[in-house]
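A short worksheet on the structure shown next.
The numbers here are math on the coordinates, done by the rules we state, and not lab data. Predicted model, so just to flag it, every value in this text is computed and none were measured. Cβ placement follows ideal geometry from the backbone for every residue including glycine, while neighbour counts extend to all protein chains displayed.
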Amino acid sequence: MLIPANIAYLNGRYAPLPELQVSVMDRGFLFGDGVYELVPVYDRRPFRLVEHLRRMGKSMAAVALVDPYSLAQWEQIVGQVSASQDFADQSIYLQVTRGPAWPRSHAFPTDIHPTIFVYAEPLLPPAPALILNGVMAVTANDIRWGRCNIKACSLMANVLLKQMAVEAGADEVILLRDGGLIEGGSSNVFIVRDGLILAPPPSERMLTGITYDVVQELAQAHRLPLVLREISEAEFRTADEVWITSSSKEILAVVELDGRPIGNGVPGPIYRRMNDFYQAFKTATMRPSR
Ligand code: PDD
């Protein structure tokens with residue numbers, strides 16, 4: 001496996017990725033005992049960095065990890081990693097684990113030295129064909145735990161669910177629990193019924209996406225009616241439009257669900273408006289010179 005020599009950050013040190021190593025006793029490695037964030041960067045400008053850092057702060061607090069840095073220190077690290085890459089559109093990954101400990105034991109160690117890791121990959125925007133033609137999704141029972149609002153590194157259920165989607169030829173898996181719509185395997189879900197945009201409200205069952213918040217702001221700014229409320233499986237399956245949102249997928253229309261068309265089987269009119277608003281907002285805030 002060839003790991004590129006991109007500069008990354010590990011516990012105070014900036015170095016090429018292949019030179020950075022963590023202990024095999026790291027609790028992130030042994031237990032998935034850590035939290036993470038993924039920040040999109042356009043033309044070296046991080047998108048909603050403060051919001052991502054705040055969400056990571058909440059994830060850390062929820063698992064009793066002490067935030068090792070101030071907001072300014074995090075901004076500095078992200079800025080330096082970003083500036084060290086030779087590609088301008090980036091996906092910056094941040095992770096804090098409960099660090100190495102001996103002997104292996106589930107409960108927290110008394111002496112905690114968190115492992116702090118930040119690296120960048122090229123950010124690939126969704127292919128124009130996906131925006132134009134939409135994507136396929138399959139549904140699955142939500143087999144994840146009860147604290148999905150925490151962006152935890154332990155992603156076994158998400159890994160298995162996403163693999164199931166890939167093997168079914170789908171782009172995303174959409175999760176259902178107790179007869180209701182929850183979210184995607186790595187995205188939030190909106191539906192449209194009779195001109196009204198609907199999405200499940202924030203809860204411990206889903207991650208409150210940064211893109212989910214942006215979509216709500218854009219709906220408000222452009223006077224598109226949007227309501228956050230629980231959505232039944234039946235309402236979801238018979239929706240006129242279904243969208244998935246995330247930092248890397250942006251907003252994509254689901255046009256086929258479990259092999260059946262959503263609406264007319266093409267991205268709907270409200271999706272197209274919302275995506276235009278999103279792209280215009282992104283260009284205006286992130287690429288002002290274009
Ligand atoms: N995932 N829900 C889940 C379970 C997610 O994993 C993600 C994002 C989202 C959307 O959040 P945001 O709009 O802030 O990207 C919702 C990232 C991209 C990941 O796991 O790689």
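With K and R counted +1 and D and E -1, the other residues having a Cβ less than 12 Å from that of P100 yield a net charge of 0. Note on segment 7-122: with charges restricted to the Cβ of Lys and Arg (+1) and Asp and Glu (-1), its dipole about the Cα centre is near 300 debye. Assuming charge only on the beta carbon of Lys and Arg (+1) and of Asp and Glu (-1), the dipole of segment 128-286 about its Cα centre is about 260 debye to the nearest 20.
Between R193 and E19, the modelled label-to-label distance comes to 5.7 nm, taking each label 7 Å out from Cα in the direction of the beta carbon. Between N141, N264, N275, the Gaussian network model of the chain with springs among Cα atoms under 10 angstrom shows the greatest mean-square fluctuation at N264. Please name which of S289, V39, Q220 has its Cα lying farthest along the dipole of the chain towards the positive end, using unit charges on Cβ (Lys, Arg +1; Asp, Glu -1) and the Cα centre as origin. Toward the positive end, the furthest listed residue is S289.
Return the distance in nm (one decimal) between the two label points of a simple spin-label model at Y69 and D86, each offset 7 Å from Cα along Cα→Cβ. In this crude label model, Y69 to D86 measures out at 2.5 nm.
Averaging the Cα positions of each part gives two centres, and for segment 43-78 and segment 210-249 these lie 25 Å apart.
Treating each Cα of the chain as an identical point scatterer and summing with the Debye formula, the log10 of I(q)/I(0) at q = 0.10 Å⁻¹ comes to -0.57. Within the listed set I251, I112, I92, the Gaussian network model of the chain (springs between alpha-carbon atoms below 10 Å) gives the highest mean-square fluctuation for I112. Only the Cβ atoms of Lys and Arg (+1) and of Asp and Glu (-1) were treated as charged; on that basis the dipole of the chain about its Cα centre amounts to roughly 420 debye. The C-alpha atoms of the chain define a longest principal axis, and helix 49-62 lies at about 70 degrees to it. Once both labels are positioned 7 Å from their Cα atoms along Cα-to-Cβ, the gap between F29 and R287 label points is 4.0 nm.
For the chain, the mean residue ellipticity at 222 nm estimated from helices alone is -9000 deg cm²/dmol, where every DSSP H run of n ≥ 4 contributes -39500 (n - 2.57) and the total is divided by all residues, rounded to the nearest 500. Determine the shape class of segment 1-65: with a ≥ b ≥ c the square roots of the Cα gyration tensor eigenvalues, call it rounded for a/c under 1.5, and otherwise prolate if a/b is greater than b/c, oblate otherwise. In terms of gyration-tensor shape, oblate. Pairs of Lys residues in the chain that lie 8 or more places apart, or on two chains, and have C-alpha atoms under 21 angstrom apart add up to 5.
Compactness check for segment 128-286: Cα Rg over 2.2 N^0.38 Å is 0.96.
Simple rule: put +1 on each Lys or Arg Cβ and -1 on each Asp or Glu Cβ in the chain, find the dipole, and look at V118, N158, A129; the Cα lying farthest toward the positive end is V118.
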